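Inspection log for the structure reproduced underneath, given as structure tokens.
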Amino acid sequence: MLPRFVGGPILCVVGARPNFMKIAPVIRAMNGATPPLPVRLLHTGQHYDPEMNSQYFQGLGIPDPDFNLEVGSASHAVQTAEILRRFEPVLDRERPAAVLVVGDVNSTLACALVAVKKGIAVIHVEAGLRSFDRGMPEEINRVLTDQISDLLFTTEKSARENLLREGIPESRIHFVGNVMIDTLRYSLKEAVSAAQTLSQHGAPADWGQRGFAVLTLHRPSNVDDPGTLRAVLGAIREISRRLPVAFTMHPRTRAKIEQHGLGAVLEAASIICVPPLGYLEMLGLMQAARLVLTDSGGIQEETTALGVPCVTLRENTERPITVEQGTNTVVGSSPEHILAAVDDILRTGGKAGRVPELWDGRASQRIAAVLREWLDRADVRRVA
Ligand code: UD1
């Protein structure tokens, strides 16, 4: 598939929180190329609350989007359908050379699908990751986006193997490293101190000396079923007897806790619940933590880059390098396993880990270089 509108901009797409830290360095690298690569930014509006959205744009220095589809929340089908419907006229007007999507959220797949149906090239950043769990909505988004992408940028070697096994031609795959880690390295010096964030959210002053854990939780597999959620929160309460816990709470998790009347489980002296933090606050908190508990994909990578032990509350990971080389341990959602992993880290300090190949802060520059060469190729020009 070749781009239909040669000479048009590369239209970058974001929709949900984890997209923002991935797009920021890509846009910066495209703007910084000589000559700059023409770029436009579209936000689907999948995430819209200021705490999930605009505070990230500010913290990461992302330009204001040129377009916002304002789709908001809905069932997966309705959310995806709305993006499909609202994205098409933008493509008709803008005539981009390609649509660039990142990650694995609903916005990623929906925009890729509209583009490919219109004969516009699709570029996927963070391609090829696989949890092999088709029960995860993100896994469906990953597999399908990769199938319809023309250029696939990967973060780790396993991704290339996955793509080749699924029949993607090798010539489309480029191992460039991890754009999320570009953002991490770029932002580290700006990170807000953990002491400041903790005190702002009411943590006792001695948490700095005692050490603390950071918790994030939002996967449907952990928060949608009240029995599972109760068990996980019970484990967190138990952990807080050994180590204070700062729980940064995604809106869907907060809603589920309220809906099922589980707030009392978290009423312990050593747990603070805070709203979703800005990127620089979260970075400072993770960097200073003794360990991080999470079901997020990106946080598994960020903790590996930071060298902070990570306990992943999922049955699998699409980012195996964080386990093989990094600081990540995947334990599932059973309270015994979560507690055993935490006790092990408190006893031993956790896995030392090392930073994976090409997680060096320069992935976006590599992407920009490939894009330049790809756009300049003679066979691409011929379709004009
Ligand atoms: C989405 C991504 C997930 C990613 C996560 C990060 C998909 C399938 N999932 O999950 O991969 O890890 O973002 O946050 O795309 N809500 C708000 N305010 C917002 C956005 C959402 O209150 O700004 C609430 C709404 O109740 C909404 C729910 O969160 O129904 C779920 O939002 P949605 O965008 O569907 O998925 P996430 O769980 O955020």
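The values are calculated or read from the model by the stated rules, or taken from the named source; none is laboratory data. This structure is a prediction, so every number in the text was calculated from the model and none was measured. Neighbour counts run over all protein chains shown; Cβ positions are idealised from the backbone, glycine included. Accessible surface is based on the protein model in full, side chains and every heavy atom, while ligands, DNA and RNA are left aside. Shrake-Rupley method; radii C 1.70, N 1.55, O 1.52, S 1.80 Å.
State in Å² the accessible area per residue of region 313-382; use a 1.4 Å probe, count heavy atoms of protein chains only, and round to the nearest integer.
Accessible surface, normalised per residue, equals 49 Å².
Among the chymotrypsin sites (Phe, Trp or Tyr not before Pro) within region 63-162, those in coil by DSSP and having at most 16 neighbouring Cβ atoms inside 10 Å are Phe132. Taking Cα centre as origin and charging only the Cβ of basic (Lys, Arg, +1) and acidic (Asp, Glu, -1) residues, the dipole magnitude of the chain rounds to 500 debye. For region 188-348, the share of accessible area belonging to carbon and sulfur comes to 50 percent (1.4 Å probe, ligands and nucleic acids excluded). When shorter helices are ignored and each DSSP H run of at least 4 residues is given -39500 (n - 2.57), the per-residue value for the chain at 222 nm works out to -13500 deg cm²/dmol. What is the distance in Å between the Cα centroid of region 85-108 and that of region 187-218? Here the two parts' Cα centres lie 37 Å apart. Note on Lys157/Arg93: beta-carbon distance plugged into 1/(1 + (r/R0)^6) with R0 of 45 Å gives a FRET efficiency of 0.70. Report the far tail of the P(r) of region 188-348, meaning the percent of Cα-Cα pairs longer than 27 Å. Value for region 188-348 (Cα pairs over 27 Å): 16 percent. Translational diffusion of region 25-71 was estimated from the Stokes-Einstein equation, with Rh taken as the Kirkwood radius over Cα pairs; at 37 °C and 0.692 mPa s the coefficient is 282 µm²/s.
Its convex hull of Cα atoms gives the chain a direction-averaged projected area, equal to a quarter of the hull surface, of 17.5 nm². In a DSSP loop and with at most 12 other Cβ atoms within 10 Å, the GluC sites (Glu not before Pro) in region 43-115 are Glu70. Whole-Hz Karplus values for region 238-244 come out as 5, 4, 5, 6, 9, 8, x Hz, taken residue by residue from phi with 6.51 cos²θ - 1.76 cosθ + 1.60 and θ = phi - 60°; glycine and proline positions read x.
The alpha-carbon of Lys189 sits under 14 angstrom from the alpha-carbons of these aspartates and glutamates, leaving out residues fewer than 8 places away in its chain: Glu281. Per residue, region 1-133 exposes 37 Å² of accessible surface when a 1.4 Å probe is rolled over the protein heavy atoms with every protein chain present.
Distance between the pseudo-spin-label points of Asp224 and Glu51 (7 Å out from Cα toward the beta carbon): 2.3 nm. Farthest toward the positive end of the dipole of the chain, out of Met180, Leu217, Gly261, is the Cα of Met180, where the dipole comes from beta carbon charges about the Cα centre. With θ taken as phi - 60° and the Karplus curve 6.51 cos²θ - 1.76 cosθ + 1.60 applied, the whole-hertz 3J(HN,Hα) list for region 29-44 is 5, 5, 5, x, 5, 10, x, x, 7, x, 9, 10, 10, 10, 10, 6 Hz, x standing for glycine and proline. Taken about its Cα centre, region 188-348 carries a charge dipole of roughly 280 debye when the Cβ of each Lys and Arg holds +1 and the Cβ of each Asp and Glu holds -1. Basic side chains Lys and Arg get +1 at the Cβ, acidic Asp and Glu get -1 at the Cβ, and with that the dipole of region 81-193 about its Cα centre reaches some 200 debye. The residue list Leu358, Gly32, Leu129 was ranked by how far each Cα lies along the charge dipole of the chain toward its positive end, using unit charges on Cβ atoms, and Gly32 comes out on top.
Within the same chain, lysines fewer than 8 places from Lys117 are excluded, and of the rest, those with a Cα less than 28 Å from its Cα are Lys22.
Ordering Gln58, Val99, Gly45 by the projection of their Cα atoms onto the charge dipole of region 1-111, which places +1 on the Cβ of Lys and Arg and -1 on the Cβ of Asp and Glu, puts Val99 at the extreme positive end.
Taking GluC sites (Glu not before Pro) across region 235-298, the ones in a DSSP loop with at most 14 further Cβ atoms lying within 10 angstrom of their Cβ are Glu267.
Using per-residue counts of other Cβ atoms within 10 Å, averaged over each peptide, order 155-165, 286-296 from highest down.
Most protected by this proxy first, the peptides run 286-296, 155-165.
Seen against the Cα atoms of the chain and their longest principal axis, helix 76-94 is set at about 40 degrees. Relative to the longest principal Cα axis of the chain, at what angle does helix 106-117 sit, 0 to 90 degrees, rounded to 10? Helix 106-117 and the main axis of the chain meet at about 10 degrees. If I model a spin label as a point 7 Å beyond the Cα along the Cα-Cβ vector, how far apart are those points for Thr348 and Val370 in nm? Each label point lies 7 Å from its Cα, and together they span 3.5 nm.
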